[in-house]
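Everything on this sheet refers to the single structure shown next.
Nothing in this text is a laboratory measurement; each read-out follows from the coordinates by a stated rule. What you see is a predicted model; the values in this text were computed from it and never measured. Ideal geometry is used to build each Cβ from the backbone, glycine not excepted, and the neighbour counts take in all protein chains shown.
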Protein chains: 2
Amino acid sequence: MKKLSALVLACAAAAVAAPAAAQFAKPEDAIKYRQSAMFLMQQNFGRVAAMASGRAPFDAKVASDSAAAAEFISRLPWAAYGEGTDKGRDNRAKPEIWSDKAKFNDYAEKMQAEMVKLNAAAKTGSLDTIKTAVGGVGGACKTCHDAFRKD
Amino acid sequence: MKKLSALVLACAAAAVAAPAAAQFAKPEDAIKYRQSAMFLMQQNFGRVAAMASGRAPFDAKVASDSAAAAEFISRLPWAAYGEGTDKGRDNRAKPEIWSDKAKFNDYAEKMQAEMVKLNAAAKTGSLDTIKTAVGGVGGACKTCHDAFRKD
């Protein structure tokens, strides 16, 4: 367990430190980029969450692969929220993303840290451990969506 | 260089062996999933390709991060080409994807192997090495698109 915690912290640091130096040709591309990343993340996380809630049979390998994908992709959307990317393609970003950037970044980093925990949990192969981590990710998603995503 | 080749081969094997046990609620989701993955891959690869061609200044860190993202994401689209996912959302998949699955899978695996090489090349920080690898990826993309993607 100590080993796991150390790994989680190490990975969390790496995730949070991931650079956001993406460049986009136009705002439309940035919006499509973050929407694509969110969709891939949601699909992969959803697969693990379905197992955690009993809606799908537990498959440790699928859970592990899906959590790894969700964790990796959780680092990607943020570079695509640059100034001027509120318009250009239909999207649900609230203006608060840019007016309260510190809070947005904080929520984004918390979600990434929860994804790192989920990835580590999925690697243990223990459904109970995964259930706890799924709750953490789900909470972090909801907190951010409630504050920064239009209905 | 020997070390690099060994790494490339090891990673290529891992990539090709990556499981495709994704499940989608409906064909529309599968199509959106592969389109999202292709877009993220194209954007990340495009960033490296722009440096390789001189259209963007070389930034070793951005190149390395972008290549790593492109390589990871290159494993994802294939699980979303299941039977019955030719329709459900506007898309450019040719019927040959399902009628000539062996060739499609072969092209998909070749592209992933080129992405592994690109990721390794980007980690060297050598623009010349990256240029060669960008050519390999670009060729693999084109070969598959020519055969399996509608104009």
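Per residue, the convex hull around the alpha carbon atoms of the protein assembly as shown comes to 143 Å³.
Return the subset of A:Lys117/B:Lys117; A:Lys32/B:Lys117; A:Lys123/B:Lys32; B:Lys87/B:Lys110; A:Lys103/A:Lys142 for which the Cα-Cα distance in this structure is over 19 Å, preserving the input order.
From A:Lys117/B:Lys117; A:Lys32/B:Lys117; A:Lys123/B:Lys32; B:Lys87/B:Lys110; A:Lys103/A:Lys142, over 19 Å: A:Lys117/B:Lys117; A:Lys32/B:Lys117; A:Lys123/B:Lys32; B:Lys87/B:Lys110.
Given +1 at the Cβ of Lys and Arg, -1 at the Cβ of Asp and Glu and no other charges, the dipole of the protein assembly as shown around its Cα centre is 220 debye to the nearest 20. Over what distance in Å are the Cα centres of segment A:85-99 and segment B:41-106 separated? Result: 26 Å between the Cα centres. Here each label is just a point 7 Å from Cα along the line to Cβ, and for B:Lys103 and A:Gln42 those points are 3.6 nm apart. Chain B holds its axis-closest Cβ, relative to the rotation onto A, at the residue and whole-Å distance B:Ser36, 2. Coupling constants for segment B:108-115 follow from the phi torsions by the Karplus curve (6.51 cos²θ - 1.76 cosθ + 1.60, θ = phi - 60°), and in residue order they are 5, 5, 5, 4, 4, 5, 5, 5 Hz; glycine and proline get x. Place a label point 7 angstrom from the Cα of B:Gln23 along the Cα-to-Cβ direction, then list the residues of segment A:54-97 whose backbone nitrogen is under 19 Å away. Flagged as within label range: A:54-70.
Both radii are taken from the alpha-carbon atoms of segment B:26-148; with Rh as the Kirkwood radius, Rg/Rh is 1.01. Across peptide A:55-61, the mean count of Cβ atoms from other chains lying within 10 Å of each residue's own Cβ comes to 1.
Annotation for A:Asp59, label-to-label distances across the other copies: 3.9 nm (shortest first, one decimal, point 7 Å from Cα along Cα→Cβ).
For segment B:25-73, divide the Cα radius of gyration by the Kirkwood radius and give the resulting Rg/Rh value with two decimals.
Ratio of gyration radius to Kirkwood radius: 1.15.
Between copies, the label points at A:Ala147 (set 7 angstrom from Cα along Cα-to-Cβ) are spaced 4.9 nm, reported in nanometres from shortest to longest. Label-point distances for A:Arg89 to the equivalent site in the other copies, using a point 7 angstrom along Cα→C-beta, read 1.2 nm when ranked shortest first.
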